[in-house]
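Input: a single structure, listed below in structure tokens.
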Amino acid sequence: MAVFVKENWQAIVNTIGAIVIFFLGWKTRKTTAKEVEFLAYKKKLETYEMEFEMKTEMLENLKKDYEDRFAFIESHLTKVKEINKKLRNIIEGQDKMLSKYEQKLKSFENA
């Protein structure tokens, strides 16, 4: 047996080394697969977080835009109401003047 080991020691050591390297590589591959799975999950989570932040920002922008438009329309509505009052006053004034002229005209026709 000692002679066999002495003559084939290099082949035996290479075989044992190959077996050890195989099991180390197998263990590393398992760890690497788990790491890859974890990194993929982490990347997916980051993507969801970025998507959520973007949607939140979009909603905030829409809300701000809505509020700005509401304020703009409300201020213009106030101006339109003021202009409408002025126009009604002008129309009422013209109606009064028109009725005065009609009364004067009738009094001239009757005279």
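From the set of residues in segment 29-45 that are open to solvent by less than 80 Å² (accessible area, probe 1.4 Å) and not hydrophobic (A, V, I, L, M, F, W, C), which is modelled with the highest pLDDT?
In this case the residue turns out to be THR32.
Whether any residue in segment 104-111 is open to solvent by less than 90 Å² (accessible area, probe 1.4 Å), more than 30 Å from the chain's Cα centre (by Cα) and at pLDDT below 90 is what I want to check.
yes
The values are calculated or read from the model by the stated rules, or taken from the named source; none is laboratory data. Nothing here was measured: the structure is a model prediction, and the numbers come from that model. Side chains included, ligands, DNA and RNA excluded: accessible areas come from the protein's heavy atoms. Shrake-Rupley method; radii C 1.70, N 1.55, O 1.52, S 1.80 Å.
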